[in-house]
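Undergrad: Handing you a structure now.
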Amino acid sequence: STPWLLTIITLTMTHRRPTSTFISRLAISVVMLLLVMAIPANAQKRNAATKKNVAERDTVALFRGFSVSVDAVGPVMMAVSDYGQYEAALHLNLRDRYFPVVEVGYGKADHTEENTQMSYKTSAPFFRAGMDFNVLKNKHDIYRLYVGARYAFTSYKYDLASPGVEDPVWGGVTPYEVKGAKCNYHWLEAALGVDVKLVGPLHLGWSLRYKQKLTADEGKLGKSWYVPGFGKTGTTAFGALFNISLDI
């Protein structure tokens with residue numbers, strides 16, 4: 001009986017090996033087939049996404065309109081202090097990413113020093129031109145976060161008057177007055193701002209400014225107390241605007 005048993009075991013092992021090999025090869029073939037089918041599908045999805053992005057970029061017009069804005073901070077300063085400004089701006093919208101801007105304003109000051117009673121008066125227009133860049137990834141969102149830069153210029157005159165300076169040698173009081181001292185001022189501004197669309201064409205936003213003088217001619221008397229558009233000289237390195245804007 002033993003030879004018969006050995007014969008059966010040998011035949012069984014002989015038949016199992018081809019069956020196991022066949023199943024393994026079949027499984028490998030199915031996996032390879034699935035991979036081959038999946039690669040073109042993924043490639044098609046990537047191509048479709050790429051084509052969609054290209055189409056979106058191509059369909060966004062270069063010129064997306066323009067907006068006008070006014071600043072609310074300057075008039076408040078004019079009402080509560082002895083200097084301030086009124087200003088408005090025109091913004092162009094290029095692909096919701098780039099915003100060339102021109103700002104025009106009118107600055108005024110009427111200040112009297114408490115100790116010396118010396119008065120300083122000026123009023124003149126000022127101009128700025130530059131560019132804002134929307135840094136948000138979704139540039140079509142109702143929110144915008146932008147950085148920008150401006151070149152600014154003003155040409156102005158001021159009046160300076162003193163009730164009198166006492167002569168330490170001969171005595172008496174000599175009044176001091178200057179009328180129409182001519183000056184000009186050039187400076188740069190770095191801007192960081194936020195803008196949000198509220199309803200319809202209405203936008204509100206803040207703009208923080210860092211100011212740096214380039215060149216200036218402040219006349220024979222030296223430093224001006226206030227420069228239209230720039231602010232108080234010597235102390236004004238930063239400024240802020242609160243913009244109320246309308247899309248047109």
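FYI, it's all coordinate maths here, none of it is from the lab. Because the structure is predicted, anything quoted here is derived from the model rather than measured. Note that each Cβ is placed from the backbone with ideal geometry, even for glycine, and that neighbours are counted across all protein chains shown.
Undergrad: Kindly provide the pair-distance distribution of segment 108-248 built from C-alpha pairs, with 5 Å bins from 0 and whole-percent values in order of increasing distance.
TA: Per 5 Å bin, starting at 0, the Cα pair percentages come out as 2, 9, 15, 16, 14, 11, 10, 8, 6, 4, 3, 2, 1, 1, 0.
Undergrad: What does the charge dipole of segment 76-192 about its Cα centre add up to, to the nearest 20 debye, if the Cβ of each Lys and Arg holds +1 and the Cβ of each Asp and Glu holds -1? Don't jump to the answer; show the numbers that get you there.
TA: Values: 12 positive and 14 negative charges, 182 e Å.
Value, rounded to 20: 880 debye.
Undergrad: Compare the Cα positions of W187, L221, Y98 along the charge dipole of segment 98-246 (+1 at Cβ of Lys, Arg; -1 at Cβ of Asp, Glu; about the Cα centre) and return the one farthest towards the positive end.
TA: Projecting each Cα onto the dipole axis, the largest value belongs to Y98.
Undergrad: Now, a different point. List, in the order given, every pair from K179/K211; K108/K211; K108/K137; K139/K213; K157/K211 whose Cα-Cα distance in the structure shown is over 30 Å. Display every interim value, and only then the final one.
TA: On the way: K179/K211 28 Å; K108/K211 18 Å; K108/K137 40 Å; K139/K213 32 Å; K157/K211 21 Å.
Checking Cα-Cα distances, K108/K137; K139/K213 exceed 30 Å.
Undergrad: Quick one: if you stick a label point 7 Å off each Cα along the C-beta vector at K213 and A79, how many nm between them?
TA: That separation, rounded to one decimal, is 3.2 nm.
Undergrad: Using a 7 Å offset from Cα along Cα-Cβ at A237, what residues in segment 100-143 end up with backbone N under 18 Å from the label point?
TA: none
Undergrad: Can you give the local net charge around D132? Use residues other than it whose beta-carbon is closer than 10 angstrom to its beta-carbon, Lys and Arg +1, Asp and Glu -1. It would help to have the intermediate numbers written out before the result.
TA: Numbers: positive: R97, R144, R150; negative: D195.
Its environment carries a net charge of +2.
Undergrad: Let me ask you something else. Pull out the extension gain between E114 and S155, defined as 0.36 nm times the separation in residues minus the alpha carbon to alpha carbon distance; nm, one decimal.
TA: Working: separation 41, 0.36 × 41 = 14.76 nm, distance 2.75 nm.
This chain segment gains 12.0 nm when fully extended.
Undergrad: If I stretch the segment between N184 and V60 completely, what's the gain in nm (0.36 nm per residue apart, minus their alpha carbon distance), one decimal?
TA: Working: separation 124, 0.36 × 124 = 44.64 nm, distance 4.21 nm.
Working it through step by step, the gained length comes to 40.4 nm.
Undergrad: For G239, what charge total do you get from the other residues with a beta carbon under 9 Å from its beta carbon, if Lys and Arg give +1 and Asp and Glu give -1?
TA: Details: positive: R209, K211; negative: E189.
After counting each charged neighbour, the total is +1.
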